[in-house]
Structures are given as structure tokens and as C-alpha cells.
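Just below is one structure, and these are the notes that go with it.
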Amino acid sequence: MSTRTTGIADKLIQRAVKERESRSSGRSRAIAVIVLLALFALGLVLAFAVYPGHPGDTSAPRCNGTTMSPGDICDEFVNGALTHSYSYQEMLHRQQAGHPGALVAGIIAMAIAVLLFAPSLRALDPAKPWGTARPGDCPRCRKPNLREKPMTHSETRGRVQSSWSGIVTLCTPGCEFATVRQR
């Protein structure tokens, strides 16, 4: 085996060990919970702060920089052509109106956060072991503690991205046996 291949195998093993440690410490679960809570909070802000607009704003609307009075008409022009005329009441309504896109985005963000919460807690349970059990005993400690999982490693140099994949087999953290084989 060349040193380049050995270096890639080491990187795959390091990635697997780091993933196993992150999972068993509960760090990956905590990060998932924080991200989902942040997504839910963003949804709340969009739905309840951005969407309503300014419903309590009863100040007179402005048209082309001047304050309107009841009975005034606001003409909007684009490239010198009249595009629309708004009454005082229509301008007041536009001033108080919200952004319906913000409501939709907020509801979608909250729904995604709620729907992903329970599955992510189950998938990232620290009690759940990393990888799948591999039959046979560890060649180093002679105990049936081997677990394996497909892993990938990518490197980008300039415009070229190289990816390597393999099945990493690990024993317990105390044994530290690790190997990589091709898929």
C-alpha cells in the first residue's frame, strides 16, 4: 500500500473516531437540538414579527415623500407612466399590511423543526452504538466489540475535488483497533 493510500485510510479512521466520540458524548445530539430550536425561533420571528407589518400604525400614510390627508389620491409612476392610483384608505392599508411570504416561510420553518425534532433525537441517541456490529473478534483485544460503518473523505485542491470512501471498522475506545477496507 502506498503512503498516499495509508494517509487517506488514516483520515477515514480519524473521521470515524471523531464521529463516534461526538455521538457517544451527546455533542451531535445537542448541536441538532440547538439548530432545530434556532430554526423554530426563526419561524416564530417570521410569523409573528415580520408578517403582521405595522397593524397599530395609524399615522397618515406618505406618498412620494409627502404626508397624505383623507381624500387624497396617490399616483405611482414608473418611467414617467402612471402605473396605479391609491386612495388614502388604500395607502393606509398598505402601510399596515404584512408580508404573506414571511408567514408562509415562518410556518414552514416551524413545521420542519417540529417534524425533525423527534427523529433526530432518536437517531443521535448517545446510548445507540456507532455503526453496525461486525461478526468476529477484534484481532487486538480478542473480544467481539467490532463495529463498522461506511465513511467518505473529500479533499478540494483548486477546482479538483477528490473523494475516497471505505468501510471503517473500529473496536472499543480502550482497544483502539481500527482498519479500513474498500466497499
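In summary, Ala113 fulfils each of the numbered conditions (1) open to solvent by 60 Å² or more (accessible area, probe 1.4 Å); (2) touching a Leu at 6+ places or on another chain (Cβ under 8 Å) with the single exception of condition (1). Candidates in segment 151-181 are the residues that are over 13 Å from Lys18 (Cα atoms), among the hydrophobic types (A, V, I, L, M, F, W, C) and more than 27 Å from the chain's Cα centre (by Cα); of these, the one that is least open to solvent (accessible area, probe 1.4 Å) is Cys171. Search segment 1-58 for residues being surrounded by 14 or more Cβ atoms within 10 Å (Cβ to Cβ) and in a loop (DSSP other than H, G, I, E, B), and hand back the single one that is modelled with the highest pLDDT. Filtering first and then ranking leaves Gly26.
In summary, Glu148 fulfils each of the numbered conditions (1) more than 26 Å from the chain's Cα centre (by Cα); (2) under 30 Å from Thr58 (Cβ atoms) with the single exception of condition (2).
Looking at Ala81, Ala123, Ala127, just one residue is open to solvent by less than 60 Å² (accessible area, probe 1.4 Å), under 30 Å from Ile13 (Cα atoms) and without any contact (Cβ under 8 Å) to a residue 12 or more places away in the chain, and that residue is Ala123.
The values are calculated or read from the model by the stated rules, or taken from the named source; none is laboratory data. Since the model is a prediction, treat every value here as computed from it, not as a measurement. Cβ atoms come from the backbone with ideal geometry, glycine included; neighbour counts cover every protein chain shown. Ligands, DNA and RNA are excluded from the accessible area calculation, which covers all protein heavy atoms including side chains. Shrake-Rupley method; radii C 1.70, N 1.55, O 1.52, S 1.80 Å.
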